[in-house]
Structures are given as C-alpha cells and as structure tokens.
1. When you check Val381 against the structure, is it among the β-branched types (Val, Ile, Thr), over 23 Å from Ser452 (Cβ atoms) and under 24 Å from the mean Cα position of the chain (by Cα), yes or no?
2. From Val76, Val145, Val121, which residue is closer than 23 Å to Gln210 by Cα, in the same structural domain as Pro286 (by TED's automatic domain parsing) and modelled with pLDDT of 95 or more?
3. Name the residues in the stretch 114-137 that are part of a loop (DSSP other than H, G, I, E, B) and touching a Gly at 6+ places or on another chain (Cβ under 9 Å), would you?
4. Failed condition for Ala337, given (1) modelled with pLDDT of 95 or more; (2) out of contact with any strand residue (DSSP E or B) (no Cβ under 7 Å at 6 or more places or on another chain), with all others met?
5. Output the number of residues of the stretch 62-73 satisfying the condition of being exposed (fewer than 14 other Cβ atoms within 10 Å of the Cβ) and either assigned to a helix (DSSP H, G or I) or within 27 Å of the chain's Cα centre (by Cα) (or both).
6. Among the residues that make up the stretch 87-104, is at least one of them in the same structural domain as Ser306 (by TED's automatic domain parsing), of a type in the set (A, V, I, L, M, F, W, C) and either in a loop (DSSP other than H, G, I, E, B) or without any contact (Cβ under 8 Å) to a residue 24 or more places away in the chain (or both)?
Amino acid sequence: MPEIIPRPCPESATNHLISEGYKAALARIFAARGIQHRDQLEHGLAQLLPVSGLKQAGEMAVRLADAIAAGKRLLVIADYDADGATACAVAVRGLRLFGATVEFIVPNRFEYGYGLTPEIVRLAAKESPDILVTVDNGIASVDGVAEANRLGMQVLVTDHHLPGDELPDAACIVNPNQPGCSFASKNLAGVGVMFYVLLALRAELKARGQLSEAQAKRLPDLLDLVALGTVADVVKLDQNNRILVQQGLLRIRAGRTCAGIRALFAVAKKDPARVISQDLGFAIGPRLNAAGRLEDMRLGIECLLSDDEDAALLMATRLDELNRERRSIETDMQETAMAVLETIQVSDNYSLALFEADWHQGVIGILASRLKDKYHRPVIVFAAANNGELKGSGRSIAALHLRDALDLVSKRHPTLIKKFGGHAAAAGLSIDGGRFNDFVSAFEAVVRELLSAADLRQKLESDGALDAADINMEFAQQLDEQIWGQGFPAPVFDDDFQVQHQRVVGARHLKLRLGKSGQLFEAILFGQAEPLPDIIHALYSVNINEYQGRQSVQLLIKYWE
C-alpha cells in the first residue's frame, strides 16, 4: 500500500514568499518546489539562460551561417518521438526562416531503429546533402558519424541525451550534457537545444548583417513547438524550461501557433485559448507520438510543418486515429502483462522484465511506464525486432538511474546488451533474441545492488492539508496559471472528508460530494465504481471542471484510504 508523506517545505522560504505578496497556500507550494523568491517564478524571455553558456553553440552557428551563405544543402536527421518531431520542425522552420536550404528525414523505428546509424547515413546520402544536422539524437552515433565523414558529409549534432564513453567525431556537438559544457540547465529537451542553436545562429547572422529585423523577430514564434516537445518529453521543468513552456503557452493561447498544433487541439477537442501545460503532455503529445509508435513520424512532422489549415487537419485526424489504435493495442498488451505477472510473486523482484512475441515495438515504452507506476519498480518491456533481436524500452523509479544500471549490466556482461542509451528515468536497449532470460537475471542482480527494499515502497508526496476556505475558483485558476510537470509537480493535498453523496458515472467512475469543515465540495474518482466508506482520507488535486459552459471547482481524488 502506498504511503502518503508530506513534501518538505522550508519555513524560511515560505515566509519570504509570503512577504513578497503570495498567499500562504501558494507560498507553501512554491517553497516545497525549491522556490525561494519571486524572481524564480519569472517567465519572461529575458530570464532565459544565455546561449553563450552552451558549449559549441557559437561554433555551430558560424558553421550554419557559412553554409547558408554558400547555399549548401542541409538535411535534418530527426527522431521518432514528440521531442524529436518538434525539434525537427523547429530546425526546419528556423533554418528556412534564416535562408537555409533544408529538408529532413526521420528513421522508421521498425526498420532502422534509433539515431544516426550507418544505414540512415547511407539513406541520407541519396539526398546529396552537404551537412547533416541531428536533432534529439547523435551523441551516441559514433559509427553513424564515422560513416558520414567517410561519405564526405559534415555532421552537426544537437542532442540532450547522456553521452557514452566515446563521443562521435562530429564537426560540432551541442549538448548541455556533454563533457565540459557549463550550461546551467542540463534538462533542455532536444527541441530546446535546437532552439538555442537557432538563437546563436540569429546572433551570428545579425552580426554579419545578413538578417533583417523582421526575420529576427519571428524566431520566438517557434516557442509553441518548443513548449510541446519539452512537456511531451517529460524533462525536468527547471526555471529555464518553465520559461520556454510558458512562452509557448502564451502564444498558443493568443492564437499565435502553427496550423499543425491548432489541428491537434481540434481533434483532441481542447480549446487552445485555455491550454495548460498538462494538456500538452496528456492530449497533444500522445497524438503526435502515435505516428512514430505505429507508422512513421514523418506524418507528425509534416503536420507541424504545414501552413495549410485543411491539410494540417487531415493529418491531425489521421494522428488521432493512430492514437486510438495505439490505445487499443496498449490495452491488449497490458491485459497480457497482468496475466503474466499474476503467475509470479512481484514483491520478490526488485525489477520487472517482460517479453511477448506479439507485443508491438512502438507501444512497449508506454506499457513499461504503466507497469512501473503500478508496481513501483524499474520495468523493461521487450518486443521482437528485426534480425532476431529484441528491442527493450524501460522506465524507472526515482531511486534508480536506469541508463547507469544498464551501463553496469553491459560492463559485467559485455556481450549481453548490443546497444543502449537514455536517461535516468527512461532508456532503450537491444539484445539477441535468445538471451532474454540472461538479461532478466543480470538486470535483477544489478538493481538489487542499487536499490533497498525501502526504495520499492511507493511514497505519495503531498502538500499537506488545504484550508476549506482556500478551495475556490480563484485558487484553482492560480494553480492553472503555473507550469507544472516533471521536477515541478502539480500540487496535491491530503485530508479527511465525509462522503455525503456518491454515484457511478460512465460505468466505472465515482462522482462524489465531500464534506470538510462544514463545506461541501464536488469531487471525482476515476477508475472505481465500488462505493466508498462514510469517511475517507484522500489525496487530491484542485481542478476546474467545465460542463455545459459552466465552470466549477472540482477535487480530483488521486488515492484514498
């Protein structure tokens, strides 16, 4: 059973924020997320970290400016997730804005796998580019860059993933996580890195007198794409990333967004004028990701690049259809996984690794995430791939750095993992088809060394009890105005309630009326039809519910006991 624990909240920071004008409830929430003064919540573009701190960004800008002046052909090598798709769209739109001749290709995950592989390089060579620009990949593409060099193509790498032991021999690398980079935010998404490269390029072109003021002012118009990719990639929302997201949201709300994002909002039945950061992660991102999961991310990128409203809507409609198909596949896979897990004692394992021959390679990451959330253990799910390989996608809990764990497995069993890469929370890998059981044992052994039994007990952090007087529309709107996400979690509260009324809606949800301190509050509990007892202790968030054009405050029950 999960344990509700209070989120640590420094009293000095809370008091200082109150002295700066914040109400006590908001001050506690911000202080618990590391905010000590009002300036840390500023979201103006002037507060962005300077591009000068990003290693080799200036050098890459010079190379790109020279290429534009010489009329060289650029080819962007994209990735097949939402971050890669938005990074590609930002690269293509931005470079074209500055006068470049640029096209793109994106690897089909089922044919080529991830990143700038030698096979992708040879495919790219058929387009006769002078320069390859990677987005959201490339830092681990040692062989791919070597192949490009052999074929006479220069490679510029923009990426944010953690580097391996060897860096590729690229002409230039911009990655905040590469050795020697002093950029203060190590959490830029791939799309954020590409946007920063364009900031450096804009400065370089202006210094050369090769950019009009009108062109320069249009670069921030790409921030809608930056916001989408940043939220969808679930990178930590430090202040720099929150600025990028907030600036993108402001443009979307004002109608200053590209046709593709408008179309994705339309098929998701969301009003872009009232978008919040969670909409990007839960409504727009999955529809964009569906193309890369089931077919080819080219469809998603073309949607983001389109300036034709009708064409963008047709593509977004197809993306919506793919997302529905993805959800159906995911449901089937989850049912199979649950049946398998019922045959073992999950509590005896520190990790979970699963494989079924008919599982869809494009959906295994989502399944791993669902199982990680349910069992609070690192999970890797495998599917059959080409050449007798198994492709795995993993998700991890906060206590285990997944990429480092795979690195340790690889060092101890040099022939077991063919390749791997990723982050602390998510990673991908490939193994030979006949070595699944070997991997299960090796991974479990490493995870047991790195985790304690206490790490496997799920802890639900709470911002504590919320005064009944604070549960109102003004407070809910203030919460909606903030940028919540990975590393800056949306606030949740816990308290005792009397269950005054309850009824089942939609066959499997409970619509509730809860009492606290003499006041009644509307609430919803998703995924449960069984009635609640008269008194519950609930973990909940404060949301704005809209029904038939009327807005009201609603508590969303996350967990109860």
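The values are calculated or read from the model by the stated rules, or taken from the named source; none is laboratory data. Since this is a predicted model, take the numbers as computed values, not measurements. FYI the Cβ positions are ideal-geometry reconstructions off the backbone, even for glycines, and counts take in every protein chain you see.
1. On the way: among the β-branched types (Val, Ile, Thr): yes; over 23 Å from Ser452 (Cβ atoms): yes; under 24 Å from the mean Cα position of the chain (by Cα): yes.
Yes.
2. On the way: Val145 fails: closer than 23 Å to Gln210 by Cα; Val121 fails: closer than 23 Å to Gln210 by Cα.
Going through Val76, Val145, Val121 in turn, just one is closer than 23 Å to Gln210 by Cα, in the same structural domain as Pro286 (by TED's automatic domain parsing) and modelled with pLDDT of 95 or more: Val76.
3. Within the stretch 114-137, the subset part of a loop (DSSP other than H, G, I, E, B) is 114-117, 126-130, 136-137.
Within the stretch 114-137, Tyr114, Gly115, Leu116, Thr117, Asp130, Asp136, Asn137 meet the criteria.
4. (2) is the only condition that Ala337 fails.
5. Summing the residues that are exposed (fewer than 14 other Cβ atoms within 10 Å of the Cβ) and either assigned to a helix (DSSP H, G or I) or within 27 Å of the chain's Cα centre (by Cα) (or both) in the stretch 62-73 gives 3.
6. To start, the set of residues in the stretch 87-104 that are in the same structural domain as Ser306 (by TED's automatic domain parsing) comprises 87-104.
Checking which are of a type in the set (A, V, I, L, M, F, W, C) leaves us with 87-92, 95, 97-98, 100, 102, 104.
From what's left, either in a loop (DSSP other than H, G, I, E, B) or without any contact (Cβ under 8 Å) to a residue 24 or more places away in the chain (or both): 98, 100.
Looking through the stretch 87-104, at least one residue is in the same structural domain as Ser306 (by TED's automatic domain parsing), of a type in the set (A, V, I, L, M, F, W, C) and either in a loop (DSSP other than H, G, I, E, B) or without any contact (Cβ under 8 Å) to a residue 24 or more places away in the chain (or both).
Condition check ((1) touching a Pro at 6+ places or on another chain (Cβ under 9 Å); (2) without any contact (Cβ under 8 Å) to a residue 24 or more places away in the chain) across all residues:
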| residue | (1), (2) |
| --- | --- |
| Glu481 | no, yes |
| Gly487 | no, no |
| Phe497 | no, no |
| Val504 | yes, no |
| Lys516 | no, no |
| Gln519 | no, no |
| Ile524 | no, no |
| Gln528 | no, yes |
| Ser541 | yes, no |
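For every residue, the table says whether it meets (1) under 18 Å from Val440 (Cα atoms); (2) in contact with a Ser or Thr (Cβ under 8 Å, 6 or more places away or on another chain).
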| residue | (1), (2) |
| --- | --- |
| Thr343 | yes, no |
| Leu354 | yes, no |
| Gly362 | no, no |
| Arg370 | no, no |
| Lys374 | no, no |
| Arg377 | yes, yes |
| Asn386 | no, no |
| Leu390 | yes, yes |
| Arg395 | yes, yes |
